[in-house]
Amino acid sequence: MSDPTSPGDTDVTDQHDPMAEVLAGFAPYPAEFAARYRADGHWRGETFGSMLRERAAAHPDRIAIVDPTGGAGDDPTRRWTYAELDRRADRMAAGLRARGIGRGDRVVVQLPNVAEFFEVVFGLFRIGALPVFALPAHRYTEISYFCAFTGAVGYVIPGVEGGFDHRELASRVRAETPSLRHVLVVGDDAGEHTPLADVPLDPADTAPSDTAPSDTAPSDAGPSNTEPQPGDVAFLQLSGGSTGVPKLIPRTHDDYIYSLRGSVELCGQDEHSVYLVVLPAAHNFPLSSPGSLGTLYAGGRVVLCPQPSPETAFPLIGREGVTITGLVPPLALLWMDAAERRRAAGEDPGLETLEVLLVGGAKFSEEAARRVRPVLGCTLQQVFGMAEGLVNYTRLDDPEEVIVTTQGRPISPDDEVRVVDDEDRDLPDGTTGHLLTRGPYTIRGYWNAPEHNAASFTADGFYRTGDLVRRTATGHLVVEGRAKDQINRGGEKVAAEEVENHLLAHPAVHDAAVVSMPDPYLGERTCAYVVLREEHRAQPPKSVELKRFVRQRGLADFKVPDRVEFVDAFPATGIGKVSKKDLRAAIAASLTSS
């Protein structure tokens, strides 16, 4: 046996192996489950890189990506075929590899809805590097954490977006993060960083284009040319937690592509589908449900929407023949109000081609759901899912009553769903409890987070979602809220979602959010934040009127809001969901100062 310390041998434990770092923080699927998921045909050995290559070979001239910004000449629209997207991914992969980025390296991607997003992420997929998906709204707190915690070697940004200079943020983070060697900027003015346009190379080339030496230093072990495997971690997604910085979710090629395939089937997508990316492209919902990646899997067309407002989105829907899109509830309400106003003014909203509207990311109230078909003229498909895995859809052929009153059934027959009490005892259908789940596309642990994993997963691998649900006799789930959103009013439990639904039935109410506020006698009381419809803001209803309204609808006295606050808009998370954390903080601060 050779001496491992002799000059002729290399101790592999001393080498820098980015993939080893990834695997060290990754909780894999147990072998017996992985074998079953493969045997059942859920995992088919596909990778994102091979998926795009196969689609490009099958229909090279079909349009894959439509970006209404950044075109040449009189037409601002960019249209990339599948063949062009495939070529761009190859050239981006070659350029990244030449800069020392390889298999297992982490790269934070923070881009708006632009075509370069897909060029970058598929380039990373091709070399087995891991995108870490950040949202455009993230700032120093989140970005510095993502880069430091993941040991990111790269950070991809726009220059100035929405009035914010991401280049300055990147300079600060780079100075504080030893691992961060590359900052790549979309746009003409990269400042002290590298323009993304300088990165792509012909795959036959081996030398990077001209850059500063500090931006081309390779990793300790050099890039790996090993093709990613289906069971490899493909990327790190962000948890949707409402407190602190998000946890990181490792998704594999196998599990995520299975969720895409199931979503495509349930949403009726094919090569004729045109999906509008309204929400931030990196978020799990517009990425996979069925989202942009699902649309590319189906061979359809992805249209990028730079702003979610009706003023931007409606013309795109009409011009590009959009057939399907996804919104969070606040945006769905905004779109419906805009469509009603336009029709009242004798204008056509231009939504004739829209066939399916997916609404998810948060509970969509029954009152709002009933408006979708008559107002927008399309089928509503409710989505209830999580970046950690489990996704539920109402089916396109479900009865209308099921579509507007439930949040759907799981994608897979192998999705295991439990509804349990506080002691993890299973509850009968129709009873509200905590949702636990495991299955072929639900993770077994957050990345590098043993303490979170101990609290968030059971010993036998079920993920504690934090959602309160009840299951109907048909297997559909009805979301009753988040466990932390349940308000304990002197021992009486108040479900915020239930009260919000009653408030939304009032003709003057555009949106409502019910949160807890501290109380010295009851522990917690309820505060209802209300946004009024535009036509009712000049003469708003009084708080007592709204309380009387919900009481007349049969709401129990202890559930009637103790306080009503009228606001112009709700604080929002990075994807546009209502930030109840900020609302709770606001009412608590108001009580302290009064």
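The values are calculated or read from the model by the stated rules, or taken from the named source; none is laboratory data. Everything quoted here is computed from the prediction, not taken from an experiment. Cβ sites come from the backbone with ideal geometry, for glycine too, and all protein chains shown count toward neighbours.
For this structure, a couple of remarks:
- Any hit, the stretch 438-452, residues being over 26 Å from Arg251 (Cβ atoms) and part of a strand (DSSP E or B): no
- Of all residues in the stretch 338-361, those being within 17 Å of Pro308 (Cα to Cα) and in contact with a helix residue (DSSP H, G or I) (Cβ under 7 Å, 6 or more places away or on another chain) number 10.
- Residue within the stretch 34-49 that is within 29 Å of Glu168 (Cβ to Cβ) and crowded, with 19+ Cβ neighbours inside 10 Å present: no
- In this entry, Arg319 passes the filter for residues that are at pLDDT 95 or above and either over 20 Å from the mean Cα position of the chain (by Cα) or farther than 28 Å from Gly162 by Cα (or both).
- Qualifying residue in the stretch 319-327 (condition: over 20 Å from Asp270 (Cα atoms) and either crowded, with 17+ Cβ neighbours inside 10 Å or touching a residue at least 40 places away in the same chain (Cβ under 8 Å) (or both)): yes
- Single condition Ser292 does not satisfy, out of (1) in contact with a helix residue (DSSP H, G or I) (Cβ under 6 Å, 6 or more places away or on another chain); (2) of a type in the set (Gly, Ala, Ser); (3) in a helix (DSSP H, G or I): (1)
- Pair list, Cβ < 6 Å and 6+ apart or interchain, from the stretch 349-366 residues that are without any contact (Cβ under 8 Å) to a residue 40 or more places away in the chain to residues that are of a type in the set (Lys, Arg): Pro349/Arg342
- Test for Asp90: is it within 23 Å of the chain's Cα centre (by Cα), at pLDDT 95 or above and surrounded by fewer than 24 Cβ atoms within 10 Å (Cβ to Cβ): no
- Residue in the stretch 551-560 that is among the hydrophobic types (A, V, I, L, M, F, W, C), modelled with pLDDT of 90 or more and either out of contact with any Leu (no Cβ under 7 Å at 6 or more places or on another chain) or not assigned by TED's automatic domain parsing to the domain that holds Ala282 (or both) present: yes
- Taken over the stretch 330-346, the criterion of being over 21 Å from Val274 (Cα atoms) and surrounded by 17 or more Cβ atoms within 10 Å (Cβ to Cβ) is satisfied by Pro330, Leu333, Leu334, Asp337, Ala338.
- Of residues in the stretch 144-170 being crowded, with 17+ Cβ neighbours inside 10 Å and among the β-branched types (Val, Ile, Thr), the one nearest to Val109 (Cα to Cα): Val156
- Filtered residue count, the stretch 196-205, keeping only those that are β-branched (Val, Ile, Thr) and surrounded by fewer than 22 Cβ atoms within 10 Å (Cβ to Cβ): 0
- Enumeration of residues in the stretch 178-208 that are more than 26 Å from the chain's Cα centre (by Cα) and either over 21 Å from Ala115 (Cβ atoms) or among the small types (Gly, Ala, Ser) (or both): Pro178, Ser179, Arg181, Ala190, Gly191, Glu192, Ala197, Ala204, Asp205, Thr206, Ala207, Pro208
- Qualifying residues in the stretch 347-366 (those that are touching a Leu at 6+ places or on another chain (Cβ under 7 Å) and farther than 15 Å from Gln269 by Cβ) - the one surrounded by the most Cβ atoms within 10 Å (Cβ to Cβ): Val359
- Filtered residues of the stretch 403-426 (kept if in a loop (DSSP other than H, G, I, E, B) and buried (at least 16 other Cβ atoms within 10 Å of the Cβ)): Thr406, Gln407, Gly408, Ile411, Ser412, Asp414, Asp415
- The residues of the stretch 32-87 that are polar (S, T, N, Q), touching a strand residue (DSSP E or B) at 6+ places or on another chain (Cβ under 8 Å) and either touching a residue at least 60 places away in the same chain (Cβ under 8 Å) or closer than 30 Å to Arg438 by Cβ (or both), listed by number, are Thr47, Thr69.
- Tally, over the stretch 527-539, of residues that are surrounded by 14 or more Cβ atoms within 10 Å (Cβ to Cβ) and farther than 17 Å from Val514 by Cα: 2
- Scoring Ala58 on the criteria (1) at pLDDT 95 or above; (2) under 27 Å from the mean Cα position of the chain (by Cα) leaves a single failure, condition (2).
- In the stretch 512-525, the qualifying residues are those that are farther than 19 Å from Leu331 by Cα and in contact with a helix residue (DSSP H, G or I) (Cβ under 7 Å, 6 or more places away or on another chain), and the one that is surrounded by the fewest Cβ atoms within 10 Å (Cβ to Cβ) is Pro518.
- Scanning the stretch 376-394 turns up no residue that is on the phi > 0 side of the Ramachandran plot, surrounded by 22 or more Cβ atoms within 10 Å (Cβ to Cβ) and touching a His at 6+ places or on another chain (Cβ under 9 Å).
- Top-ranked residue of the stretch 295-312 - restricted to ones that are in a helix (DSSP H, G or I) and either at positive phi or under 19 Å from the mean Cα position of the chain (by Cα) (or both), ranked as surrounded by the most Cβ atoms within 10 Å (Cβ to Cβ): Thr295
- The stretch 171-195 - residue that is more than 18 Å from Pro131 (Cα to Cα) and hydrophobic (A, V, I, L, M, F, W, C) and, of those, surrounded by the fewest Cβ atoms within 10 Å (Cβ to Cβ): Ala175
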